[in-house]
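One structure is given here, and the rest of the page talks about it.
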Amino acid sequence: MRALPASLLAACGLIATACGGTDSGGAAAGQAARAAVTTPASASALASAPTQAKSQAHAKPQAVAGPLEGKTIVIDPGHNGGNYRNPTAINRKVNVLTKWKPCDTTGTETASHYTEAAFSWDVSNRMVKILTARGAKVKLTRTDNNSVGPCITQRAAIGNKAKADAAISVHGDGAPAADHGFHIIMPKKINGPVDPVVADSSRLGVAVRDAFKKGTGLPYSTYIGSKALDYRNDLGGLNLSTVPKIFIECGNMRNAGDAAKFKDPAFRQRIAVALADGLQHYLKA
Ligand SMILES: [Zn+2]
């Protein structure tokens, strides 16, 4: 955990509700976040991002015999922990078919500065271990939590290239502090590449919703969706996916109750197991 510059913290606060975008919330904060997006960056800005500190989880474990043998799963651990260092690269606009959006955001953090990036990185690496032990071939969309990017467009492309049987993007939301609970975001048809996998993504979303509720005991979101299910057409990670894909907002990092759970490694393991169970139920159905 590192202290973020005050100006950036303000930006994070603004972008917080825009974790996956801003359209479902419609909050003033979202408007401000969009307004804050400014300077286009050179494409090389991301290419020059450091890629040190390869994590242990990045060493690809060998798939073993298990219930998920033959299945490929791509896990996107959300916003990179180094994104705050290069706002020019992160704010560069990319085409997500229904609109132009920033390459990425910094994500949010708890009141005590446990970042969404650290949370999703930890949960995702736990999922890699669990799913690999069950026989799946698992790929992450980034190799560490200290770099910048990749953009949302690239994160979709990684799942497509891997021909993933299922893909999931792991997030924690940044809604007003009184809001809590988890929700799943699934794609809508956009007359685009995601259309053929919208129905499967919806099945994946319901399977993960049910497993997450059962495994973690966390309640459905009090502020988005119906029974924790939300459908959107403004997210690059979904619009550009040609494989079944969902986002999960595991809870609201700005809510004290959700945050306390997220900061507990044992609870993060429960989250990872629940997400793995949901993926497995979908893939074995
Ligand atoms: Zn996020």
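Read-outs throughout are calculated quantities, based only on the coordinates presented, and are distinct from any laboratory measurement. Everything numeric here is computed off the predicted structure, so don't read it as measured data. Because the Cβ atoms are built from the backbone with ideal geometry, glycine has one as well, and the counts that use them run over all protein chains shown.
Using 0.36 nm per residue of separation minus the Cα-Cα distance, give me the extension gain between residue 88 and residue 273 in nm, one decimal.
This chain segment gains 63.0 nm when fully extended.
Quick one: grab the alpha carbon gyration tensor of segment 116-165, order the square roots of its eigenvalues as a ≥ b ≥ c, and give me rounded if a/c is under 1.5, else prolate or oblate depending on whether a/b is larger than b/c.
Cα axes put segment 116-165 in the oblate bin.
Going by the alpha-carbon gyration tensor, a ≥ b ≥ c the square roots of its eigenvalues, is segment 203-275 rounded (a/c under 1.5) or, if a/c is not under 1.5, prolate (a/b greater than b/c) versus oblate?
Prolate.
Please list, in chain and number order, the residues 5+ apart from residue 245 or on another chain whose amide H is under 5 Å from its amide H, with Hs placed from the backbone.
HN-HN under 5 Å from residue 245: 167, 201.
In whole Å, what is the distance between the alpha-carbon centres of segment 105-173 and segment 204-241?
Using only Cα atoms to place each centre, the spacing works out to 16 Å.
Please check which bits of segment 247-280 a label hung off residue 227 would reach, taking the label as a point 7 Å along Cα-to-C-beta and the cut-off as backbone N under 16 Å.
Taking a point 7 Å out along Cα→Cβ of residue 227, no residue of segment 247-280 has its backbone N under 16 Å.
Please list, in chain and number order, the residues 5+ apart from residue 138 or on another chain whose amide H is under 5 Å from its amide H, with Hs placed from the backbone.
Under 5 Å from the amide H of residue 138 lie the amide H atoms of 73, each far enough along the sequence or on another chain.
Multiplying the sequence separation of residue 203 and residue 111 by 0.36 nm and subtracting their Cα-Cα distance, what value in nm do you get?
This chain segment gains 29.7 nm when fully extended.
Hey, can you grab everything whose amide H is under 5 Å from the amide H of residue 229? Only 5+ residues off in sequence or another chain; H modelled, so Pro and N-termini drop out.
Result for residue 229 returns 184.
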